[in-house]
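These notes concern the structure reproduced below.
The values are calculated or read from the model by the stated rules, or taken from the named source; none is laboratory data. Here the structure is a predicted model, which means the values were calculated and not measured. Heads up, the Cβs are rebuilt from the backbone with ideal geometry, glycines too, and the neighbour counts pull from every protein chain shown. Note: accessible area is taken over every heavy atom of the protein model, side chains too, but ligands, DNA and RNA are not part of it. Shrake-Rupley method; radii C 1.70, N 1.55, O 1.52, S 1.80 Å.
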Amino acid sequence: MAMIEFHNVQKWYGDYHVLKGITDSVDQGEVLVICGPSGSGKSTLIRCVNRLEEYQQGHILFDGHDIHGDDVDVNKLRCDIGIVFQQFNLYPHLSVLKNITLAPVKVKKTPRKEAEELALALLERVGIHEQAKKFPAELSGGQQQRVAIARALAMRPKVMLFDEPTSALDPEMINEVLNVMKDLARDGMTMLCVTHEMGFAREVADRVVFMDYGEIVESAPPLEFFRNPRHERTRLFLKEIL
Ligand code: ADP
Ligand code: MG
């Protein structure tokens, strides 16, 4: 069953045609990796999915419903579709625990005690249970990114979007974040991951998409994508990053 459907999605920034008709569909439990050169529209595309960006033509459906339908509550949509950014975007003045409980308490009206219990369980899941009382600045980049993932999971999303979650990390911290993402994937989370971590793509992606100039150029399961890319542009890109 399709969880996210893109129907000819087109977007312009002023005169600039950034998404030139994206059509695709992501099944429940599918892990999609999106790669492509800088500026190809990857961030713009995934940001459209939880309405951080508007688009001018086409439709995106979540669970069968148009995300711009009249009955759609954006806050609810963003609970269902979590996002993790390259820059962790934690609230610097709040403890790790508060970073995670804030939205469940404020947006979902979850009782504080219940929200804290869930937050602690999620911190355990991402491997930093002992850091709950610290502030973001006291954590390493890898730990902060794991808090950001826990914060998104605290809303009990049905889909997780990742926008180059390891690109701002020192190399030795990349795996601790990828491992959390791999666990999530194995647990059946539906994931759209913009990343150039091709080892991750090989290991956990169900499908890899290559974007260039606002278009999906290639889309294939990882084995096929890496062994036998059909398009010259994909080959050139892979040659540069592998
Ligand atoms: P990617 O994530 O693949 O690097 P982006 O989706 O961030 O690409 O950006 C695609 C193109 O759109 C780039 O050329 C970028 O400069 C442009 N762009 C992104 N955001 C904006 C914006 N808010 N206003 C104008 N142009 C933008
Ligand atoms: Mg980007």
_Considering only the chain, percent of DSSP beta bridges that pair antiparallel, nearest 5_ = 55
*By the scheme Lys and Arg +1, Asp and Glu -1, what is the net charge of all other residues having a beta-carbon under 13 Å from that of ARG202?*
-1
_Carbon + sulfur, % of accessible area of the stretch 82-164 - ligands and nucleic acids excluded, 1.4 Å_ = 55
*Pairing the Cα long axis of helix 171-186 with the longest principal axis of the chain, what angle in degrees results, from 0 to 90 and rounded to the nearest 10?*
90
*Taking the Cα centre of each part, how many Å lie between the stretch 46-64 and the stretch 101-164?*
25
*Beta carbons within 10 angstrom, averaged per residue: use that to sort the peptides 19-31, 47-59, highest first.*
19-31, 47-59
*Can you give the accessible area per residue of the stretch 2-241, in Å², using a 1.4 Å probe?*
47
_Ranked packing of 107-116, 153-162, most packed first, by mean Cβ within 10 Å_ = 153-162, 107-116
*May I ask which residue of ALA115, VAL33, ILE67 lies farthest towards the positive end of the charge dipole of the stretch 18-118, with charges of +1 (Lys, Arg) and -1 (Asp, Glu) on Cβ and the Cα centre as origin?*
ALA115
*Across the stretch 88-94, in residue order, what do the Karplus-derived ³J(HN,Hα) couplings come to in whole Hz, using 6.51 cos²θ - 1.76 cosθ + 1.60 with θ = phi - 60° and x for Gly and Pro?*
4, 6, 7, 7, x, 8, 10
*Say the dipole of the stretch 2-241 comes from +1 at the beta carbon of Lys and Arg and -1 at that of Asp and Glu; which of GLN86, ALA152, PHE210 then lies farthest toward its positive end?*
ALA152
*Rounding to the nearest 20 debye, state how big the charge dipole of the chain is about its Cα centre with +1 on each Lys and Arg Cβ and -1 on each Asp and Glu Cβ.*
540
